[in-house]
1. Mind checking which lysines have their C-alpha under 23 Å from LYS127, skipping anything on the same chain fewer than 8 residues away?
2. What translational D, rounded to a whole number of µm²/s, comes out for region 48-142 from Stokes-Einstein when the hydrodynamic radius is the Kirkwood one over Cα pairs, at 4 °C and 1.567 mPa s?
3. Grab the DSSP H runs of the chain that are 4 residues or longer, score each as -39,500 (n - 2.57), total them, divide by all residues and round the 222 nm result to the nearest 500 deg cm²/dmol.
4. Peptides 140-146, 40-46, 106-112: what's the order by average Cβ count within 10 Å, highest mean first?
5. Provide, as a two-decimal number, the C-alpha radius of gyration of the chain over 2.2 N^0.38 Å, N being how many residues it has.
6. Which values of log₁₀ I(q)/I(0), to two decimal places, follow from the Debye formula for region 81-133 at q = 0.13, 0.30 Å⁻¹ with a uniform point scatterer at every Cα?
7. What does the highest-first list of 66-77, 3-14 look like by mean Cβ count within 10 Å?
8. In percent, how large is the relative contact order of region 1-157, given Cα pairs closer than 8 Å and 6 or more residues apart?
Amino acid sequence: MRALLVVDVQNDFCPGGALAVPGGDAVVPVINRLMPQYSLVVATQDWHPPDHVSFAGTHGLQPFTTSVIDGVPLDLWPVHCVAGSHGADFHPDLDTVRFDLIVRKGTKRDREAYSAFADPGLQAYLKAMEVEGIDVVGLAFDFCVRSSALDAGSAGIKATVLLEATRAVFAENDESLTRTLRDGGVDVM
Ligand code: VGL
Ligand code: ZN
């Protein structure tokens, strides 16, 4: 079976949101059209505590920088997708009734989690549902979509990123990103 993985199509990643991805909301109608074509649809939500380690303010640092914190390099962001906030809600036009499973990630204060597979639950679920391949869509192409697609491969699930249904935060990386993904065994189309 093939499943669709809808990554982080949340208000904060759409125009007007705290960590807006340029054109992020444009993926919504495309994803709504895709979902009925899959027998299984899994959605993720970035879901952070208010003092999450990825928030620049937690460290008194500037967002959109990378810092080494406790020995590990970490991308620092504005406060976004705080658990239960409007920014963490799915985009209002997204057909959420199509979701079979919702995975929340980045829920632990001290741990960043870009990948839907950061927690072993999703891999176990997909295995139980006999999913062999997933198509990955949503936001953002250069962070959570990328990381989820690469991790799927390590979990033994063939991943394909559908370019028409994803957008990047930093758009200038699109081509090198596609190369990185293909080198990691992910199809991009
Ligand atoms: C994401 C930055 C921070 C994403 C999440 O969903 O791609 N990016 N948190
Ligand atoms: Zn986040």
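1. LYS105, LYS158
2. Values: Rh = 15.3 Å.
After rounding, the answer is 85 µm²/s.
3. On the way: 4 runs with 35 residues, N = 189.
The helix contribution divided over the chain gives -5000 deg cm²/dmol.
4. Numbers: 140-146: 25.7, 40-46: 23.7, 106-112: 16.1.
Final packing ranking: 140-146, 40-46, 106-112.
5. Values: Rg = 15.5 Å, N = 189, 2.2 N^0.38 = 16.1 Å.
With N residues counted in the chain, Rg over 2.2 N^0.38 Å equals 0.96.
6. Each listed q maps to, in turn, -0.42, -1.20.
7. Details: 66-77: 12.6, 3-14: 27.2.
Ranked by mean Cβ neighbours within 10 Å, highest first: 3-14, 66-77.
8. Working: 305 pairs, mean separation 50.5, N = 157.
32 percent.
FYI, it's all coordinate maths here, none of it is from the lab. Owing to the predicted nature of the structure, the values given are computational and were not obtained by experimental measurement. Note that we place each Cβ from the backbone using ideal geometry, even for glycine, and neighbour counts take in every protein chain shown.
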